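Worksheet: the structure to be examined is printed underneath.
The values are calculated or read from the model by the stated rules, or taken from the named source; none is laboratory data. Just so we're clear, the structure is a prediction, and the values are computed from it rather than from any experiment. Cβ atoms come from the backbone with ideal geometry, glycine included; neighbour counts cover every protein chain shown.
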Amino acid sequence: MAPKWVGRRLAPAAALLLLAVGGGCGTPPDPPRRTAAAQPAAPKPLPDVSRRLAAYQPVQLQPDLASLDRGERVVLRHLVRAARHIDEIFWRQVSPDNIRLRDWLAQSADPASRHAYEFFQINYGCYDRMHQHTPFLGDAAKPRGANFYPTDMTRAEFEEWIAAHPADATAFRSRTTVIRRSGGGLEAVPYSREFRALLEPAAAELRLAAAAAANPSLRRFLELRADALLTDAYDASELAWLDLADTRIEPALGPYEVYEDRLFHAKAAFEAFVTVRLPGPTDQVAMYSRHLPELYRRLPAPRGARLPPWQRGAPIVVADAVETAGDARAGIQTSAFNLPLDGRIRSERGAKVVMLRNIMAAKFRHNIRPILERLLAADELRHVGFDAFFHFILFHELSHSLSPNQHALDAAWSVLGASGPPIEEAQADVLGVWGLLRLSDAGVVPLGRRELMTAYLANMLRGARFGTFSPHGQGNLIEFNYLRAHGAIWLDDATGRYGVDPARLPAAVEELARELIRLELALDRPAADAFVQRYMIIPPELQRALAGLLDIPADIRPEFAPVPPLD
Ligand SMILES: [Zn+2]
């Protein structure tokens, strides 16, 4: 979906002036002045924008919707429309000046700006998500708190305000408020107010979708979610989402992940996934979740650690994406998600994993297989397959449910700060491969140990390409360096190719799992920071290996086929 051009259209000259006054990306420009003297130049895109753009392979995705009945297709059409409003909200969450800059780029005629505009759409703004959110247009740094807080507000100012106004604490720390300056102080504004103009049409589309839905659980979720968008009370609809049953249509839409807020990891970014369930593969993998309690009992925890009691497994849905929007669509494409995030709901009702098979298959084909052909030793390459990779991602998602802090992740991250997300993501990987190896031995997972270990290595190398910019990539680097230091991953100096040592990997994985669980349970920020700083690096050997991959697209840029017309 191409984001819409909204807001007022400016004549090119006027737009140039507007931006020039603001000094570039991320700074709201002042109104135009009559004299253009002494104004800085308009923001220029970096010269390598075209190369950066080539990192995203355009892929047409055409999920098979032929088996859906007329009513289901009506539902899908309304959901796609709702997703477009959600998309527009995310644009506004990224930076204060985003929409104005988008309008300006949209009408720029020269080729360099065309590429910049395309890249801008991929990144939902002028900050390169594959390069630590650094600007590729203009030179202003991205505010750590995106547009969730005043761009000049510090953590200290936020904390001091709450200390002085304890009654504001809940609203200020809420996942669904933005913080704004007001009357010389700070104010928490609920999302339902801040984004009313877009939430109302989104809710209306959800109600139309609900009216067309034959499945009662889907109808209920859509109605409750429409209410939630306008009231910020999401709990009932989160529960209804977990209760979706016997429906081909599996939508998730609302404020979810908190990664866009790099100041506090507290504010939720809007996103949408419109998907259709694949019943066969869903049945096939659903049985894995029955093994989670047993895996939790045998978790490689540090000696003497007291794990909270096992709560509940995560149901798994395998689906094809029909449309994605907002946070899910920005930069690197999400290929699986595990929701809801609310710790209390997770502890009472558990979570659900949705795997986006068509997105994963496209990534495997265009981004992963080609890099493995260059980075893996010949012997290792024989064990590469999509099935094992699919299982690895599946178990990564399932393993978030095995995290000992799963029921209090928000609280844990507020203590662990920036080290929280990479530790959690590394832990999900490590417990994922640990669980897979056990279930392979037990004959539950129909894949051999060797293929699974290769899939694990493949995922680390894939993630390392993204460097330290995302929690997943950060986690991958921690694992890679730890396992390399423990001899579980080897490098052939002559060829520069990697392989795993199948005799050492399982024990090293258990040891790393124990270390990560210890860090999550201890809630000791200095210890967590020290561990992350030690291992979250790109060593020169890996840097050399990654440098040889520049011509291979690092991700995909999906273009979804429209939902077929109703007959
Ligand atoms: Zn994860």
Count - residues of region 474-499 that are under 28 Å from the mean Cα position of the chain (by Cα) and crowded, with 22+ Cβ neighbours inside 10 Å: 11
Any hit, region 331-338, residues being in the same structural domain as Leu461 (by TED's automatic domain parsing), in a helix (DSSP H, G or I) and touching a strand residue (DSSP E or B) at 6+ places or on another chain (Cβ under 9 Å): no
Residues satisfying the stated conditions in region 259-295, i.e. at pLDDT 95 or above and of a type in the set (Asp, Glu): Glu260, Asp261, Glu271
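Yes/no per residue for (1) of a type in the set (Phe, Trp, Tyr); (2) outside any helix (DSSP H, G or I); (3) within 21 Å of the chain's Cα centre (by Cα):
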{"position": "Pro422", "(1), (2), (3)": "no, no, yes"}
{"position": "Glu425", "(1), (2), (3)": "no, no, yes"}
{"position": "Ala428", "(1), (2), (3)": "no, no, yes"}
{"position": "Trp434", "(1), (2), (3)": "yes, no, no"}
{"position": "Ser440", "(1), (2), (3)": "no, no, no"}
{"position": "Gly443", "(1), (2), (3)": "no, yes, no"}
{"position": "Leu447", "(1), (2), (3)": "no, yes, no"}
{"position": "Tyr456", "(1), (2), (3)": "yes, no, yes"}
{"position": "Gly463", "(1), (2), (3)": "no, no, yes"}
Test: residue in region 341-353 that is surrounded by fewer than 23 Cβ atoms within 10 Å (Cβ to Cβ), among the polar types (S, T, N, Q) and within 15 Å of the ligand (Cβ to nearest atom): no
So Ala328, is it free of Cβ contacts under 8 Å to residues at least 60 places away in the same chain, surrounded by 21 or more Cβ atoms within 10 Å (Cβ to Cβ) and either hydroxyl-bearing (Ser, Thr, Tyr) or in contact with a Phe, Trp or Tyr (Cβ under 8 Å, 6 or more places away or on another chain) (or both): yes
Filter pass, Ala418 being away from the ligand (no atom under 15 Å from the Cβ) and within 30 Å of Ile345 (Cβ to Cβ): yes
Flag for Ile393 being among the β-branched types (Val, Ile, Thr), more than 15 Å from the ligand (Cβ to nearest atom) and in contact with a helix residue (DSSP H, G or I) (Cβ under 7 Å, 6 or more places away or on another chain): no
Region 128-144, subset within 20 Å of Phe264 (Cα to Cα) and assigned to a loop (DSSP other than H, G, I, E, B), residue farthest from the chain's Cα centre (by Cα): Ala141
Complete set of residues in region 375-394 that are under 20 Å from the mean Cα position of the chain (by Cα) and over 24 Å from Thr468 (Cβ atoms): Phe390, His391, Leu394
Index of the failed condition, Ser401 passing every other in (1) within 16 Å of the ligand (Cβ to nearest atom); (2) closer than 16 Å to Ala488 by Cα: (2)
Members of region 487-538 found to be part of a loop (DSSP other than H, G, I, E, B), touching a residue at least 60 places away in the same chain (Cβ under 8 Å) and within 20 Å of Gly432 (Cβ to Cβ), listed by number: Met536
All positions within region 465-486 that are assigned to a helix (DSSP H, G or I), over 19 Å from Leu437 (Cα atoms) and within 15 Å of the ligand (Cβ to nearest atom): Pro471, His472, Gly473, Gln474, Gly475, Leu477, Ile478
Of all residues in region 145-160 being among the small types (Gly, Ala, Ser) and assigned to a loop (DSSP other than H, G, I, E, B), the one that is nearest to Ile556 (Cα to Cα): Ala146
Residue check for Glu425: touching a residue at least 40 places away in the same chain (Cβ under 8 Å), touching a strand residue (DSSP E or B) at 6+ places or on another chain (Cβ under 6 Å) and either on the phi > 0 side of the Ramachandran plot or within 16 Å of the ligand (Cβ to nearest atom) (or both): no
Residue, nearest to Ala55 (Cα to Cα), within region 541-567, restricted to residues that are β-branched (Val, Ile, Thr) and in a loop (DSSP other than H, G, I, E, B): Ile552
Check on Ala411, crowded, with 23+ Cβ neighbours inside 10 Å and either assigned by TED's automatic domain parsing to the domain that holds Glu260 or away from the ligand (no atom under 16 Å from the Cβ) (or both): no
Helices (runs of 4 or more DSSP H) (entirely within region 161-267) containing at least 1 residues that are out of contact with any helix residue (DSSP H, G or I) (no Cβ under 7 Å at 6 or more places or on another chain): 169-173, 191-194, 196-212, 216-231
